[in-house]
1. Starting from the 7 Å offset along Cα-to-Cβ, what nm value, one decimal, do you get for the label separation of residue 211 and residue 241?
2. Roughly how big is the chain's charge dipole about its Cα centre, with Cβ charges of +1 (Lys, Arg) and -1 (Asp, Glu), in debye to the nearest 20?
3. Exposed loop trypsin sites (Lys or Arg not before Pro) only (DSSP loop, at most 10 other Cβ atoms within 10 Å): please give the longest stretch of the chain free of them, not including the sites.
4. How large is the translational diffusion coefficient of region 187-325 in µm² per second when you combine the Kirkwood radius over alpha carbon pairs with Stokes-Einstein at 4 °C and 1.567 mPa s?
5. Rounded to the nearest 5, what is the percent of antiparallel bridges among the DSSP beta bridges in the chain?
6. Percent of Cα-Cα pairs more than 15 Å apart in region 1-68, please.
7. GluC sites (Glu not before Pro), restricted to region 56-131: which are DSSP loop and have at most 10 other Cβ atoms within 10 Å?
8. Which loop-located GluC sites (Glu not before Pro) does region 181-239 contain, where loop means any DSSP state but H, G, I, E or B and the Cβ has at most 14 other Cβ atoms within 10 Å?
Amino acid sequence: MHTAIIGAGIAGLTCARALYAAGQQVTVFEKSRGPGGRISTRRRDDAAFDHGAQFFTVRDPAFAPIAEDWAAAGMIAPWTGRFGRLVGEARYVAETPPLTRWVGVPRMSAITRRLSAGLDLKTKTRIETVTPSPGGWQLKTTEGDDAGRFDRVVVATPSPQAVPLLAAAPDLAEKAAAAKMRPSWAVMARFAEPLRLPFDAVDVQEGPVAWLSRNTSKPARGDAECWVVLARARWAEAHVEDTFEDVAEALVGAMAERLPGFAPVEAIAHRWRYGLLNQAIGPDAHLDPRGLGACGDWCVGPRVESAWRSGQAMAGLLLAETARGA
Ligand SMILES: Cc1cc2nc3c(=O)[nH]c(=O)nc-3n(C[C@H](O)[C@H](O)[C@H](O)COP(=O)(O)OP(=O)(O)OC[C@H]3O[C@@H](n4cnc5c(N)ncnc54)[C@H](O)[C@@H]3O)c2cc1C
């Protein structure tokens, strides 16, 4: 039984690892240079920015033992910064009681690097079509190359990218189309000197910025003074086609108005076209009886742990089919 998984985010890799642990053959296709998806880190000289997921929580009891294992293996650690809200002009209100936030060590991307270790992972390979072939599925890349024939295929991409890949199973394609995802802009800002601010991360209550965090305050991040600024979802939607330079200027400018000294030496924007889930569709994962499945955060909720849950559920459905001899 050979399963192809399209997308090496947390959902795809969770599913891949579970199948691999059960002794099945798995190949993971990823269009980017490395695994991670929206759990990602951009490195630049001695600076590094987690410009996708900022941290993750463990609300789901099924996820708790997994996070414990990751912590024991040194993959993750708690982020014990000064958290709160920025209200009005620039009033900082500390969070009470503090939420437990987990981050990858030494960067968010360490999580998915570790999850992909030992797997057959084909990066820089964008799958364009998934078509039925006798007893299985044929995959083709965007370049028109044959990516192989597989017994089963799991589509683990953001929902808008899943729709065309699920064309052979119109029911699934329709479900994916019903999940709503919004764009997101992240700005990576590097400073010459440490900023003297009373917080490490804040939810910003008004204006174009929704979140501001000092990446350097996470464990094992080094000394470079790196901050991440995330746009408010509504603002990102309205400015999705702006230039990267304009977005960096607008978001840094909005913070500079409120925080004296917020003057980075470099600010680079990154667009997540399908960044944040607005509306999940449930249930946790979907499987067409012919062996075409779909999973991702869009099935469950807008968080890392939701994507994990979906990937785990996808593997559960496939392993149950195997046990039934399908
Ligand atoms: C800016 C930002 C901040 C966030 N902050 C948090 C946070 O603080 N806490 C939290 O819990 N969650 C946060 N999230 C959400 C969290 O990152 C996601 O819910 C989660 O990472 C989704 O994982 P996934 O595996 O479902 O999808 P993804 O991570 O998107 O993985 C899908 C993968 O599929 C690949 N792909 C797509 N199409 C193809 C194709 N045709 N062929 C091959 N590969 C393909 C993509 O390149 C990608 O790697 C944040 C997200 C963003 C964007």
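The values are calculated or read from the model by the stated rules, or taken from the named source; none is laboratory data. Everything numeric here is computed off the predicted structure, so don't read it as measured data. Because the Cβ atoms are built from the backbone with ideal geometry, glycine has one as well, and the counts that use them run over all protein chains shown. For accessibility, only protein heavy atoms count, side chains too; no ligands or nucleic acids. Shrake-Rupley method; radii C 1.70, N 1.55, O 1.52, S 1.80 Å.
1. Inter-label distance under the simple model: 2.7 nm.
2. Numbers: 38 positive and 36 negative charges, 88 e Å.
Once rounded to the nearest 20, the dipole reads 420 debye.
3. Details: sites that count: 33, 196, 324.
Longest run free of exposed loop sites: 34-195.
4. Numbers: Rh = 17.6 Å.
In µm²/s, the coefficient is 74.
5. Of those bridges, close to 70 percent are antiparallel.
6. Details: 1462 of 2278 pairs.
Counting pairs separated by more than 15 Å, the tail of P(r) holds 64 percent.
7. Here the sparse-neighbourhood loop sites are 89.
8. Numbers: sites: 206, 225, 237; in loops: 206.
Passing sites in region 181-239 are 206.
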